[in-house]
Each structure stands twice: as structure tokens, then as C-alpha cells.
Amino acid sequence: MVRDREFREDLYYRLNAFPIYLPPLRERKADIPELVEYFVSTVCNLDGQIDQIVPQETMRSLVRHTTGPATFESLQNYIARGVILSNDGIFEPGPLESCEPPEPEIANPTLQDKVRREILVACQRANWKLGGPRGAAARLGMKRTTLFHKMKRLGISRPADHWQAESRSSKKFESH
């Protein structure tokens with residue numbers, strides 16, 4: 001736009017001198033309840049509806065869910081769908097998985113891209129359990145150690161929320 005003289009060059013450089021980094025919404029969970037309330041109220045007002053009540057459990061699940069809406073726009077769209085589909089003045093959105101954008105397709109995937117994708121899918125389906133008869137390694141037809149080394153080489157690691165959930169469940173087991 002600067003080249004086409006549609007945007008002032010000096011303004012571009014002044015704005016570019018002060019970049020603003022905003023982490024994704026999933027890293028700022030404390031902001032989610034206020035945003036949910038705002039978006040519910042805004043959508044209700046636009047549609048001429050009375051404000052809907054957001055149940056505490058719904059709010060907790062929105063805050064807890066790590067793969068939920070990652071941007072303001074995706075949260076706003078998710079809330080708008082929920083408000084439209086809700087009845088009786090109580091906000092009851094659909095499953096959170098429905099708000100995730102599909103993974104972008106790689107135009108010409110390499111063999112490494114395909115292997116990475118297969119490993120990720122198998123790990124997700126096995127709930128990140130690598131060994132055992134229902135683990136990701138068995139699903140892929142390889143030894144657990146082989147899978148572990150492939151994951152390490154491809155830079156694949158278990159999401160943090162699975163480690164935390166696993167450590168919590170092992171603590172519960174130890175306490176009983």
C-alpha cells in the first residue's frame with residue numbers, strides 16, 4: 001500500500017516502530033468470562049432478545065477448554081451461534097470442538113509432513129497414551145520406543161494440559 005501511495009510511508013514506519021504483541025486468548029483465560037458476557041449481551045441486543053444468563057458450568061468449561069476459541073473473532077462467532085441456538089434465556093452453546101478451525105492443508109506435503117500428521121492423529125485418538133494395546137504406537141503398528149524417537153525427531157510433544165491431567169489423576173490414585 002505504501003508503494004501504491006495508498007498508505008502514508010511515515011505513518012507506516014511510526015506504527016511499525018511500536019509493535020503490539022497480544023498473546024492468544026487461550027493464554028489469557030482471565031479475560032474469557034468478561035468477553036463471553038460482553039459478546040452474549042451484544043448479540044442479544046442486536047437480535048432484539050433479552051440478555052441471556054450464562055450458567056457457571058458453561059463459563060467454567062469455556063475457560064478450562066484449551067482448544068476452544070483462540071481469537072476474539074472465533075469466540076465472538078462461537079458465542080453468536082450459541083445465543084441464536086439457545087432457548088429460555090439461558091446461554092447453552094454447542095460443543096467447543098465445533099469452533100476450532102480446520103487444520104490448513106499443505107499444498108504439496110512431504111513424506112515428513114504426512115508422517116507427522118499420522119502420528120499427531122494417532123496420539124490424539126489415543127488421548128496421548130503412547131504404549132499399550134490401545135496406545136498410539138499400537139495404532140501406528142510400531143514399538144512405543146520407535147514412536148517416541150520419531151516424535152522427538154519431528155518435534156512432536158504432548159500438550160501441557162494432558163501432562164497436567166495425567167499428573168492430577170496419578171495424585172488421586174496415590175492418595176487412595
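Suppose the filter is small (Gly, Ala, Ser), modelled with pLDDT of 80 or more and under 28 Å from residue 158 (Cβ atoms); does residue 41 pass it? Break it down into steps so the answer makes sense when it comes.
Values: small (Gly, Ala, Ser): yes; modelled with pLDDT of 80 or more: yes; under 28 Å from residue 158 (Cβ atoms): no.
So residue 41 does not fit the description; no.
In the stretch 32-89, which residues are of a type in the set (S, T, N, Q) and assigned to a helix (DSSP H, G or I)?
Going residue by residue through the stretch 32-89, those that are of a type in the set (S, T, N, Q) are 41-42, 45, 49, 52, 56, 58, 61, 66-67, 71, 74, 76-77, 86-87.
Scanning the stretch 32-89 gives 41, 42, 45, 56, 58, 61, 74, 76, 77.
For the structure I just gave you, tell me whether residue 123 is over 30 Å from residue 21 (Cα atoms) and modelled with pLDDT of 85 or more.
Spelling it out, residue 123 is indeed over 30 Å from residue 21 (Cα atoms) and modelled with pLDDT of 85 or more.
Do we find a residue being in a loop (DSSP other than H, G, I, E, B), farther than 22 Å from residue 81 by Cβ and modelled with pLDDT of 80 or more anywhere in the stretch 18-25? Before the answer, list the steps.
Of the residues in the stretch 18-25, the ones in a loop (DSSP other than H, G, I, E, B) are 18-24.
Restricting the remaining residues to those that are farther than 22 Å from residue 81 by Cβ gives 18-23.
Applying the additional criterion that residues be modelled with pLDDT of 80 or more yields none.
Taking every residue of the stretch 18-25 in turn, none turns out to be in a loop (DSSP other than H, G, I, E, B), farther than 22 Å from residue 81 by Cβ and modelled with pLDDT of 80 or more.
The values are calculated or read from the model by the stated rules, or taken from the named source; none is laboratory data. Just so you know, these numbers come straight off a predicted model, no measurement behind them. Note that each Cβ is placed from the backbone with ideal geometry, even for glycine, and that neighbours are counted across all protein chains shown.
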